[in-house]
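Structure record follows, encoded as structure tokens.
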Amino acid sequence: MTALPLSGITVVSVEQAVAAPYATRQLADLGARVIKVERPGGGDFARRYDTTVHGQSSYFVWLNRSKESVTLDLKDPAGRDVLEQLLATADVFVQNLAPGAAARLGLDNESLTRRHDTLIPCTVSGYGTHGPWADRKAYDLLVQCQTGLVSLTGTPEEAARVGVSIADIAAGMYAYSGILTALYTRATTGVARAVEVSLFEALAEWMSQPAYYTRHAGTQPPRIGTQHATIAPYGAYTTADGKQVLISVQNEREWSALCERFLQRPELTDDPRFATGSGRVAHRDELNRIVAERFLHSDGAEAMRLLDAAGIANAGVNDVREFLDHPVLAARDRWHDVGIPGAVVPALRPPADLAGIGPRMDPVPAAGEHTARVLEELGRSEAEIAALRADGVI
């Protein structure tokens, strides 16, 4: 069996919620050993976000497969001693503790680099570890608000949050890619470089297009539901059976095909109102009335068949149940069973396929499930482990 790319790499994480666990789960997918340090008496608070997956949290099941869970009280010197032992043998350390907590524990990037010169420390923060907002708490929706994303999402009447934890996911992705880059740099130069990512700056990068548009247009893109703010027609329309179908027309060739083969109004191709992309956006309301009226003459299946025949990109607006049953996921074998405490559930394979290598998709751990085994590996005796447990350290 081909070894996974990160086999032999050990990651220790003091992580919670979404961003840092998302980064380390992806490292685990590639074969890294991830030792997740949790609080005694409950563990990562994301374990209790909900209980929908056979009693487990949907967030936690998503983010924590293939990890080992060790419980440690890091406020106790004995707990910090155990963590220090783990760090001495680790390649990567990831933490997203509350503002200031890592520095108080000596787990900030600067302190760790001084003590462990081959360790790659990664800090995931809210607004950065220095600057005017370094001490502020930052949860996903707060960051969506601060970056202006919420002002772009929703309808003209009401703003809305993005329906997934997009700031956390963005930060987790940049932490993951930053760690991979640091591992490569260490392998090629011998220098271990620290990584820092903030939720705010990660999502700020994703806001670059509307930021450029707003800076140079003098006004930000409008909030218009499923319509695209700067391209038309690009949005969802309701068919005769109530199904919403989204279409995207991005160039003049597609506009001509839509007019001739779907709208059956070829004269619109050269109509001065609609002949250019900017014209179609400027006359969006008139255009939408024409397109919406045509959709009401077909049910969803027929409309998508006709659009496909015309070469117009389209998609039904699915709900989550329809997504779960999507034929692409089934035909491409994207579902894989993963164990969780007390059950087995289907999970999506990682999206990046490496030729000849299957991903690691091991069970989601119970809180503290691997504590005794990891301590034994560190040379702790049964009596020492029992004493740590009696003292509430583990």
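The values are calculated or read from the model by the stated rules, or taken from the named source; none is laboratory data. Quick caveat: nothing in here was measured; it's all calculated off a predicted structure. Virtual Cβ from ideal backbone geometry, glycine too; neighbours counted across all protein chains shown.
Checking each residue in segment 237-293 for being surrounded by fewer than 17 Cβ atoms within 10 Å (Cβ to Cβ) and among the basic types (Lys, Arg) picks out ARG253, ARG261, ARG265, ARG273, ARG289. Residues in segment 235-244: is at least one of a type outside the set (Lys, Arg), assigned to a helix (DSSP H, G or I) and more than 30 Å from LEU107 (Cα to Cα)? No - not one qualifying residue is present in segment 235-244.
Across segment 154-183, the number of residues qualifying as touching a helix residue (DSSP H, G or I) at 6+ places or on another chain (Cβ under 8 Å) and in a loop (DSSP other than H, G, I, E, B) comes to 4. Restricting attention to helices (runs of 4 or more DSSP H) lying wholly within segment 283-340, give those where 1 or more residues are among the charged types (D, E, K, R) and under 20 Å from PRO233 (Cβ atoms). Output list reads 284-295, 300-310. Would it be correct to say that HIS54 is at pLDDT 95 or above, surrounded by fewer than 21 Cβ atoms within 10 Å (Cβ to Cβ), within 24 Å of the chain's Cα centre (by Cα) and assigned by TED's automatic domain parsing to the domain that holds GLN26? Against the criterion (at pLDDT 95 or above, surrounded by fewer than 21 Cβ atoms within 10 Å (Cβ to Cβ), within 24 Å of the chain's Cα centre (by Cα) and assigned by TED's automatic domain parsing to the domain that holds GLN26), HIS54 qualifies.
When ALA232 is tested against (1) out of contact with any helix residue (DSSP H, G or I) (no Cβ under 7 Å at 6 or more places or on another chain); (2) surrounded by 13 or more Cβ atoms within 10 Å (Cβ to Cβ), exactly one condition is not met: (1). The set of residues in segment 75-106 being surrounded by fewer than 21 Cβ atoms within 10 Å (Cβ to Cβ), within 29 Å of the chain's Cα centre (by Cα) and under 20 Å from ALA17 (Cα atoms) consists of LEU97, ALA98, PRO99, GLY100, ALA101, ALA103, LEU105. For LYS67, the conditions (1) surrounded by fewer than 20 Cβ atoms within 10 Å (Cβ to Cβ); (2) out of contact with any Leu (no Cβ under 9 Å at 6 or more places or on another chain); (3) not aliphatic (A, V, I, L, M) all hold with the exception of (1). If you go through segment 306-341 and keep only what is basic (Lys, Arg) and exposed (fewer than 13 other Cβ atoms within 10 Å of the Cβ), you end up with ARG321, ARG332. Among residues belonging to segment 218-243 that are under 25 Å from the mean Cα position of the chain (by Cα) and of a type in the set (Val, Ile, Thr), point out the one that is nearest to ARG273 (Cα to Cα). Among them, the one singled out is ILE224.
The listed residues are GLU376, GLU369, and the only one of them that is charged (D, E, K, R), surrounded by 13 or more Cβ atoms within 10 Å (Cβ to Cβ) and closer than 24 Å to PHE45 by Cβ turns out to be GLU369. Taking the stated definitions as given, is PRO346 within 20 Å of the chain's Cα centre (by Cα) and in a loop (DSSP other than H, G, I, E, B)? Taking the combined requirement at face value, the residue does not satisfy it. Quick check on ARG193: is it surrounded by fewer than 18 Cβ atoms within 10 Å (Cβ to Cβ), touching a residue at least 40 places away in the same chain (Cβ under 8 Å) and either at positive phi or among the basic types (Lys, Arg) (or both)? It is true that ARG193 is surrounded by fewer than 18 Cβ atoms within 10 Å (Cβ to Cβ), touching a residue at least 40 places away in the same chain (Cβ under 8 Å) and either at positive phi or among the basic types (Lys, Arg) (or both).
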